[in-house]
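Before any comments, here is the structure.
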Amino acid sequence: MAAEKGMNITLKVWRQKNGQSKGALETYQINDVSPDSSFLEMMDALNDQIIMKDGSPVVFDHDCREGICGSCSMYINGQPHGPARLVTTCQLHMREFKDGETIYVEPFRAKAFPVIKDLVVDRSALDRIQHAGGYISVNTSGNTQDANAIPIEKEKADKAFDAATCIGCGACVAACKNASASLFMSAKISQYALLPQGQVEAKNRVLAMVKQAEEEGFGPCSNTGACEIECPKGISLENIARMNREYLSASLTSK
Amino acid sequence: MKLDSKIPEGPLKDKWTNYKNNIRLVNPANKRNIDVIVVGTGLAGGSAAATLAELGYNVKAFCYQDSPRRAHSIAAQGGINAAKNYQGDGDSTYRLFYDTIKGGDYRSREANVYRLAEVSANIIDQCVAQGVPFARDYGGLLDNRSFGGVLVSRTFYAKGQTGQQLLLGAYSAMNRQIAKGKIEMFNRHEMLDVVIVDGKARGIIARNLVTGEIERHSAHAVVIGSGGYGNVFFLSTNAMGSNVTASWKIHKRGALFANPCYTQIHPTCVPVHGTQQSKLTLMSESLRNDGRIWVPKKIEDAKAIREGKLRARDIKEEDRDYYLERRYPSFGNLVPRDVASRAAKERCDAGYGVVNNDTNEGVFLDFASAIQRYGKQEALLKGIHNPSKEEVESLGKKVVESKYGNLFDMYKQITAENPYETPMKIYPAVHYTMGGVWVDYNLMTTVPGLYAIGEANFSDHGANRLGASALMQGLADGYFVLPYTIGDYLADDIRTGKISTDLPEFKEAEDSVKSMIDTFINNKGKHSVDYFHKKLGLIMWNKVGMSRTASGLKEAIEEIKVLREQFWKEVKVPGTADEMNPELEKATRVADFLELGELFARDALEREESCGGHFREEHRTEDGEAKRDDENFAYVAAWEYTGQPSEAILHKEELKFENVELKTRSYK
């Protein structure tokens, strides 16, 4: 991890004052970037440079910088979270780029994700999908049954876990030509459908969540698989298939 | 001011049950007329908001992130402790209690810790019912692993993403209440002051981080669950936005702040790589179940590794110093965090560090033995006799991957080195703060109606927190403790009616927030906020970090004072107050860190002993271990704000140990 020669980078960054104004790409030059620094650390350095020149720093969402909170959301060189596989923007490192490269940085684009400012978009539509049914109705009490009362097949528990690792970043939506939230939604639906605790409300859940997604303006799924490729957590398309089965069976059998 | 911890009478094991049976309740119809504000939506705040809403209170929840699911509890990796004794290895409520008291170096309250151990088992039941996908064994039952400082396996986990899964569980419980309108959620809002009316907490002033609007919100009680203050060091494992502001603002309005100097420096983090670095990344303590920590025995080998002339695998077994196994044979690599961190610092200070950065700070965390051990076991299970070396390695790597895959990937992403082939390099980093807002047994601060839960309070971990206990405490406070204790207070408010935000106290608080913001925007200084934050971080790390001296602490206090004055004169905040402005957000947070930092150093100076994460070089045993002074320092240091950190008044809450014997903490 020794310091190597710094990189010189040209950035084309989407600047937009607020949701009402029009945005445009602006060009910045940043030099002597360490290849060991993360993409966001490079953006920090850019902002320092802008602040010192009395400019207005680029606003972007970020928080944990460990790839788990799902806050960061940039569209880098035409890909959500940039060129590396299975990483979020905050875990993307400058060694993935070449010295002298021009990098395009834009916000996630979708009808359901209006731009708030620069690279920050409003993803609260994803929360509202969860409000519609992303839970198991159990109150807090000191006397639910013992955690080991229902054994759960390891394979199913592991699959439920894999689905549950979705970080809600919205990359699947940004990657999709229909701006569909199917991968996001199916991850939650699968997690619960695979566990006995989740089955009681399974029908209502899938119907309510899908309905909410439509109302939010997310598009339908046409199975291109772009979401799975861009998902930083590797959420599998298998979940969308499971969601479709759940949806079909719920539509046919509910009153 | 007299501190009353309100610990109930009676034998330790009956206190909580008897207390719950006798506190006042609010009937369901009346709960509908009572509002509660919860600030922060991590494990503590999220679970409290959901549970209070389920009970029938009207909850207003606030977080600075764009969704409650993003609070930094989400980054907790390793696991959550609970005294379930599913492994039949002798665990019990008492043993979890005892381990926590001992792990905290006898600086926490017995009654609180016992209650924590008591409700720990309920947490696991609750989370499983919510659909939290904990790891299971082939029989379909819940699996456990071990964490530092204990001799049983009581840690429940979901790979390296336990915090994420537990937080999403609490978030789902919140979502159910948001859908019902019982929780009103305020995303992208930051609390900038608390409003106190007739001596009681009755609301907050918050800034809408999208529009910049300053808003007044009223309630009958205010709960702070905004986490810890590790970012006072600039570099830490906290999220970039983690801050002390909510806790500090209530401190300035009358809540005492306890034990600020108790900070946890976590032993296994990715070492610092350069000056552009913005944060440090933790590698879960669970890795110490299987990883062995070492540095070269010969100082020339360490030098050669730093210079890139030798690789870890070139060092022969007999030339390696597994210093934790050497110094602490009974706990080995699983000693508590404070002990492991100091041991790493000791080796690196002596010149044996293996990382080529300014301070040579780094040691190896090696999985080669574990890969061998698991590989041989798998070969046996698969009926492969006389497996080749390659077969063993490949089988072993698969097992290690199934246990720690995501952590290994993260390490590889950050460092561009493959930890399956070469040992990880790690070094201690600031991780968690045991200190925080002083609370009584009810989790109420010294201001009536104002509560602090989770990492934001000081109550359960003493001077050092054991691994996998932060998640336990956050959820215990939010799901099982606060929802009971707050009722006892709110029982007086059933006839109060809505609190008006037109009261003069709201105006006064709002005016002071607006004036602070105007100061920043109009300042037109010459340095960015980060410039000051980084300077503060360096002072803290060098003089108030892993090892502290009286002279260093005195210097730190002076330097922080000077830096704070410079900050207010020279800080530059671009943009305006009425827009999304992250630099302004940072400025308001750093202003508070600059005050807290001084109190932190003062607390460390005052505490003339070593205990847990607080290590004073003047107070150590002959073999370099921490030396406590129970006669003079078995107390909680609770500070009262009087206008300047330097003029804060110290109040002492004596700690009484009636159920455990105070001993020198030994892991040898």
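From the list B:Arg564, B:Arg628, B:Arg602, which one is part of a loop (DSSP other than H, G, I, E, B) and surrounded by 18 or more Cβ atoms within 10 Å (Cβ to Cβ)? Testing whether each residue is part of a loop (DSSP other than H, G, I, E, B) and surrounded by 18 or more Cβ atoms within 10 Å (Cβ to Cβ) leaves just B:Arg628. Here A:Gln191 fits the description: under 20 Å from the mean Cα position of the chain (by Cα), free of Cβ contacts under 8 Å to residues at least 40 places away in the same chain and in a helix (DSSP H, G or I). Looking at region B:81-94, is at least one residue hydroxyl-bearing (Ser, Thr, Tyr), in contact (Cβ under 8 Å) with a residue 60 or more places away in the chain and buried (at least 24 other Cβ atoms within 10 Å of the Cβ)? No, region B:81-94 has no match at all. B:Arg292 fulfils the conditions (1) within 33 Å of the chain's Cα centre (by Cα); (2) over 17 Å from B:Glu421 (Cα atoms) except for a single criterion, (2). The set of residues in region B:49-78 being within 18 Å of the chain's Cα centre (by Cα) and either within 13 Å of B:Gly474 (Cα to Cα) or surrounded by fewer than 23 Cβ atoms within 10 Å (Cβ to Cβ) (or both) consists of B:Ala71, B:His72, B:Ser73, B:Ile74, B:Ala76. Selection of region A:17-39 for residues being out of contact with any Asp or Glu (no Cβ under 9 Å at 6 or more places or on another chain) and acidic (Asp, Glu) yields A:Glu26, A:Asp32. When we screen B:Arg347, B:Arg342 for residues that are in contact (Cβ under 8 Å) with a residue 60 or more places away in the chain and assigned to a helix (DSSP H, G or I), the only hit is B:Arg342. Looking at (1) part of a loop (DSSP other than H, G, I, E, B); (2) hydroxyl-bearing (Ser, Thr, Tyr); (3) in contact with a strand residue (DSSP E or B) (Cβ under 8 Å, 6 or more places away or on another chain); (4) modelled with pLDDT under 95, which is the one condition that is false for B:Thr359? Evaluating B:Thr359 over (1) part of a loop (DSSP other than H, G, I, E, B); (2) hydroxyl-bearing (Ser, Thr, Tyr); (3) in contact with a strand residue (DSSP E or B) (Cβ under 8 Å, 6 or more places away or on another chain); (4) modelled with pLDDT under 95 leaves (3) as the failure. Residues in region A:1-56 that are touching a Gly at 6+ places or on another chain (Cβ under 9 Å), in a loop (DSSP other than H, G, I, E, B) and among the basic types (Lys, Arg): A:Lys17 alone.
Among the conditions (1) surrounded by fewer than 22 Cβ atoms within 10 Å (Cβ to Cβ); (2) more than 9 Å from chain B (Cβ to nearest Cβ), the only one that A:Phe161 does not satisfy is (2). Only residues that are under 25 Å from B:Met191 (Cβ atoms) and touching a residue at least 24 places away in the same chain (Cβ under 8 Å) were counted across region B:573-612, and they come to 27.
For region B:106-147, residues that are in contact with a Lys or Arg (Cβ under 7 Å, 6 or more places away or on another chain), at the interface with another protein chain (Cβ under 10 Å from one of its Cβ atoms) and not charged (D, E, K, R) total 6.
Hey, among A:Phe113, A:Phe108, which residue is crowded, with 22+ Cβ neighbours inside 10 Å, out of contact with any Ser or Thr (no Cβ under 7 Å at 6 or more places or on another chain), aromatic (Phe, Trp, Tyr) and more than 7 Å from chain B (Cβ to nearest Cβ)? If you could, list the steps in order and put the result at the bottom.
Values: A:Phe108 fails: out of contact with any Ser or Thr (no Cβ under 7 Å at 6 or more places or on another chain).
Answer to the selection: A:Phe113.
So which residues in region B:18-76 are among the aromatic types (Phe, Trp, Tyr) and part of a strand (DSSP E or B), if there are any at all? Walk me through it before giving the result.
Let us first name the residues in region B:18-76 that are among the aromatic types (Phe, Trp, Tyr), namely B:19, B:57, B:62, B:64.
Residue satisfying the conditions is B:Phe62 alone.
Here is a yes/no grid of residues against (1) part of a loop (DSSP other than H, G, I, E, B); (2) within 20 Å of A:Lys159 (Cβ to Cβ); (3) modelled with pLDDT of 95 or more:
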site: A:Asn204; (1), (2), (3): no, no, yes
site: A:Leu207; (1), (2), (3): no, no, yes
site: A:Lys211; (1), (2), (3): no, no, yes
site: A:Thr224; (1), (2), (3): yes, no, yes
site: A:Glu228; (1), (2), (3): no, yes, yes
site: A:Gly234; (1), (2), (3): yes, yes, yes
site: A:Ile240; (1), (2), (3): no, yes, yes
site: A:Met243; (1), (2), (3): no, yes, yes
site: A:Glu246; (1), (2), (3): no, yes, yes
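Just a yes or no: is a residue in region B:549-569 within 26 Å of B:Arg665 (Cβ to Cβ), among the hydrophobic types (A, V, I, L, M, F, W, C) and either touching a residue at least 24 places away in the same chain (Cβ under 8 Å) or touching a strand residue (DSSP E or B) at 6+ places or on another chain (Cβ under 8 Å) (or both)?
Initial filter on region B:549-569 (within 26 Å of B:Arg665 (Cβ to Cβ)): B:549-550, B:552-553.
Filter once more, so that each one left must be among the hydrophobic types (A, V, I, L, M, F, W, C): B:550, B:553.
Narrowing further to those that are either touching a residue at least 24 places away in the same chain (Cβ under 8 Å) or touching a strand residue (DSSP E or B) at 6+ places or on another chain (Cβ under 8 Å) (or both): B:550, B:553.
Yes, that holds for at least one residue.
Per the conditions (1) surrounded by 20 or more Cβ atoms within 10 Å (Cβ to Cβ); (2) more than 8 Å from chain B (Cβ to nearest Cβ); (3) charged (D, E, K, R), the sole criterion not satisfied by A:Glu26 is (1). Condition test on B:Glu455, is it among the acidic types (Asp, Glu) and more than 14 Å from chain A (Cβ to nearest Cβ)? In short, yes.
Selection over region A:59-83 of residues that are more than 8 Å from every other protein chain (Cβ to nearest Cβ) and not hydroxyl-bearing (Ser, Thr, Tyr) gives a count of 11. Set side by side, the residues B:Met174, B:Met185, B:Met240 differ, and just one is touching a Pro at 6+ places or on another chain (Cβ under 7 Å), closer than 20 Å to A:Ile68 by Cα and either crowded, with 24+ Cβ neighbours inside 10 Å or not assigned by TED's automatic domain parsing to the domain that holds B:Gly362 (or both), which is B:Met174.
Conditions (1) more than 12 Å from the chain's Cα centre (by Cα); (2) aliphatic (A, V, I, L, M), marked per residue:
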| site | (1), (2) |
| --- | --- |
| B:Ser226 | no, no |
| B:Asn231 | no, no |
| B:Ala246 | yes, yes |
| B:Asn259 | yes, no |
| B:Gln276 | yes, no |
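Scanning region B:49-69 for residues that are within 18 Å of A:Gly170 (Cβ to Cβ) and more than 9 Å from chain A (Cβ to nearest Cβ) gives a single hit, B:Cys63.
Assessment of region B:168-182 against the conditions (within 12 Å of another protein chain (Cβ to nearest Cβ), free of Cβ contacts under 8 Å to residues at least 60 places away in the same chain, hydrophobic (A, V, I, L, M, F, W, C) and not in a strand (DSSP E or B)) yields at least one matching residue. Kindly indicate which of B:Gly613, B:Gly575 is within 30 Å of A:Ala45 (Cβ to Cβ) and outside the structural domain of B:Met191 (by TED's automatic domain parsing). Of the residues listed, the single one that is within 30 Å of A:Ala45 (Cβ to Cβ) and outside the structural domain of B:Met191 (by TED's automatic domain parsing) is B:Gly575. For region A:36-56, which positions are surrounded by fewer than 17 Cβ atoms within 10 Å (Cβ to Cβ) and out of contact with any Ser or Thr (no Cβ under 8 Å at 6 or more places or on another chain)? Of everything in region A:36-56, those that are surrounded by fewer than 17 Cβ atoms within 10 Å (Cβ to Cβ) and out of contact with any Ser or Thr (no Cβ under 8 Å at 6 or more places or on another chain) turn out to be A:Gln49, A:Lys53, A:Asp54, A:Gly55.
The values are calculated or read from the model by the stated rules, or taken from the named source; none is laboratory data. Since we're looking at a predicted model, the values are computed, not measured. Here the Cβ is made from the backbone with ideal geometry for all residues, glycine too, and neighbour counts use every protein chain on show.
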